[in-house]
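Engineer: Right, I'll just put the structure down here and ask away after.
The values are calculated or read from the model by the stated rules, or taken from the named source; none is laboratory data. These figures come from a predicted structure and were not determined experimentally. Here the Cβ positions follow ideal geometry from the backbone for every residue, glycine too, while neighbour counts run over all protein chains shown. Note: areas computed on protein heavy atoms with side chains; ligands, DNA, RNA excluded. Shrake-Rupley method; radii C 1.70, N 1.55, O 1.52, S 1.80 Å.
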Amino acid sequence: WAAKRLGKTTVYLLHGCAAWEAEVNGMEAETPIRQEAYLMAACDRILTVSGSYRDFLARRYPAYAPKLGFWHPGIPELTACAGSEKVPGSILAAGADRPLKNNLSLARAVEELAGAFSLEICGAACREDFLEDFSHSRYLGLLPQEEYWRKLAETEIFVVNSTRESFGISPLEALSRGCSLLVSRGAGICELLNLEEMDIIENPLDTEELKSKLLWIHHHPNHSRLALPKRSWDDAVAELARLCEGGRP
């Protein structure tokens, strides 16, 4: 309101979509949804954190398509952790039991591989017993950052099986600690990684696809081929300033 009264351009930097995520995850989020709706209507520009998320929002909210753009955030400096001992067949995923993350589909795929892999899942869960029916998967809970990084250092494959992710720093953290990656096409971070066909999940609910790609990456690790994106905070801030002044990505 104050910016409008002062004649300033207003830009809404959107990292997700509260309304859509509440629908997918079956959660109540009245206040964030109301705030999101107000800002999307009131702001002059809406910047998402990836091109794919911009395109998704343009389809969901066609009336706002003309003022939608995208901006990739800066990549934090991630210290490489070379030489760590990897547990063969180990897989780590984040997001606990949120339906958006599709970790139950991943657990089913691991189960069908009958002991070839072991899956660990971290994050804040709605039900801590959501993996009780699985023999080769376990829930770690919400890990402190240093403990999470230590877990990544001993993990072979990090998986992002989300239906959609606006961006995604966690795959970059995993890559910096020597993990190979299997990432869904709906993750915005795909735009900054040189991924090949077998690195990408096309259907997060397809256990056959998950099994074949886990086995492929196990035998053809991609952590050495994939490089961390070079995008400093200074570069990202300079681009954001240009976009706020009316430029286009």
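Engineer: Ranked from the most accessible area to the least, with a 1.4 Å probe and all protein chains present, what is the order of 143, 205, 47?
Structural biologist: Per-residue accessible area, sorted high to low, gives 205, 143, 47.
Engineer: Right, something else. According to a simple spin-label model (label point 7 Å from Cα along Cα-to-Cβ), what is the distance in nm between residue 147 and residue 205?
Structural biologist: Output for this residue pair reads 3.4 nm.
Engineer: Would you mind checking the radius of gyration and Dmax of the stretch 105-249 based on alpha-carbon positions, in Å?
Structural biologist: Cα radius of gyration and Dmax of the stretch 105-249 are 16.8, 55 Å respectively.
Engineer: Strictly greater than 27 Å: what percent of every Cα pair in the chain meets that?
Structural biologist: 40
Engineer: What dipole magnitude, in Debye to the nearest 20, does the chain give about its Cα centre under +1 on Lys/Arg Cβ and -1 on Asp/Glu Cβ?
Structural biologist: 1120
Engineer: Same structure, new question: Which of the aspartates and glutamates could be linked to residue 211 by a straight reach, that is with a Cα gap under 18 Å, when you skip same-chain ones fewer than 8 residues away?
Structural biologist: 111, 112, 120, 156, 196, 197, 199, 202
Engineer: If the viscosity is 1.002 mPa s and the temperature 20 °C, what Stokes-Einstein diffusion coefficient in µm²/s follows for the stretch 41-151 when Rh is the Kirkwood radius over Cα pairs?
Structural biologist: For the chosen part, D equals 125 µm²/s.
Engineer: Ranking request for peptides 223-229, 86-92: highest mean number of other beta-carbon atoms within 10 Å first, then the rest in descending order.
Structural biologist: Going by the mean number of other Cβ atoms within 10 Å, highest first, we get 86-92, 223-229.
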